[in-house]
Amino acid sequence: MRHGRSGRGFRLKGLKRYRVGGIEYVYHRRTGVKLPADIPETDPVFLEAYMAAEAMKGPPQRRNGPGSVEAVLESCRRSPGFRALSPAYRAQMGQQFKKIVGKGAAVPFSQIQRRHIESDLRDLAPHAATKRLKAWRIVCRFAVGMVRDNDPTEGIKAPSVPKTDGHTPWTTADIAAFRDHWPVDTAQRLAMELIYWTGARMADAVRLGPGMADAAGWLCFVQKKTKGPVAVPFTRGLPVFVDPSDLAHLKAAIRAQPKHMTFMVTAHGHSRSEKAASAWFSKAARTAGLIGKTGHGLRKSRAIVLAEAGATTHQIAAWTGHESLSEVEHYSRAAQKRRLLSGTDGEQKLSKTQDP
């Protein structure tokens, strides 16, 4: 028998638990009722709330029969192909599956036609429609040979998505505002300094720790997305195009926190997950008055700062771990234009020495 929060012998059934920003949340799974999370399950207050939620759930929900939309999507979710997807993508597609089931759980999947899928996509915004179409393609390809002979998603094109610059880079003023709001001894400050110095994606930043610093003074890690290795100066001499004060800010934030295996930890000393850390950090930016600023925006800022300080395209890519130079060249060209329009001789001479 599993041990619950009380550690004294049992865990109640039908509960959903998760943590966000170091805070635990407990919900009654069937009814969605929020339960107390800061007391043991054996506490009378918790048991009273649990029993009240149990009384609300009613009889078990009937499931639709074999071949229905609900049954096929559930089989697809349990299939080896679906489980081979990344956890984040599985969660994203799982949400889309729920929405599809919500529109026609009992409909025989063999009767789904292209026009039905196009109708489902029609009222969605471009990004949402693209996600929904991906979910339809996954389950339709799974269903071919099982409950139908063809794939009704064939020929359906994803809606065109307006091009944007994506995550907004942080300005020097944004960095200063964040530092003014979050003291050097806070977890939020350490997270910002770590991402800003390394230029790491959040998926990599949550895994960084003191054990990744090698004897030569590099902070080394392998990127989760590209599998490419990255080494950032950490306890060694710095190249001329780097502002040493940025590293000094990071080291001060590290010294102000208790030592752990990873730099970014929760209030309970646990390493942060990628998804929870992204939401937590974006909230920290909003609290500092920086609306729309994200951790990935800091990654862009590192590339911009390096470019404006005179780093070459290859030097920037080596620092940030970009596999393709096209995005890095964008930063380099923007920085070079500024130098060309600058009025000082020194900056104009510097612009002639950089990569085109």
*Where Rh is the Kirkwood radius over the Cα pairs of the stretch 166-243, the temperature 10 °C and the viscosity 1.306 mPa s, what D in µm²/s does Stokes-Einstein return?*
114
*List, in the order given, every pair from Lys103/Lys293; Lys16/Lys225; Lys34/Lys283 whose Cα-Cα distance in the structure shown is over 25 Å.*
Lys103/Lys293; Lys16/Lys225
*the chain: angle of helix 187-198 to the longest principal axis, Cα-based, in degrees nearest 10*: 60
*Rounded to the nearest whole Å³, what is the per residue volume of the convex hull around the Cα atoms of the stretch 69-143?*
78
*When the chain is treated as a GNM, springs tying every alpha-carbon pair under 10 Å, which of Leu247, Leu35, Leu194 comes out with the largest mean-square fluctuation?*
Leu35
_Candidates Asp123, Asp243, Asp151: whichever shows maximal mean-square fluctuation once the chain is modelled as a Gaussian network with Cα springs under 10 Å_ = Asp123
_Show me the ranking of peptides 176-183, 252-259, 205-212 by mean Cβ neighbours inside 10 Å, starting with the highest._
205-212, 176-183, 252-259
_the chain: proportion of alpha-carbon pairs further apart than 35 angstrom, %_ = 44
*Can you tell which of Gly199, Gly166, Gly289 shows the greatest fluctuation in a Gaussian network model of the chain with Cα springs below 10 Å?*
Gly166
*Helix 87-104 axis, angle to the chain major axis (alpha carbon atoms, nearest 10°)*: 40
*Seen from all sides and averaged, what is the projected area of the convex hull of the Cα atoms in the stretch 172-351, in nm²?*
10.6
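Read the figures in this text as sums done on the coordinates, not as results from a lab. For clarity, every value in this text was computed on a predicted model and none was experimentally measured. Don't worry about glycine lacking a Cβ; one is built from the backbone with ideal geometry, like all the others, and counts go over all protein chains shown.
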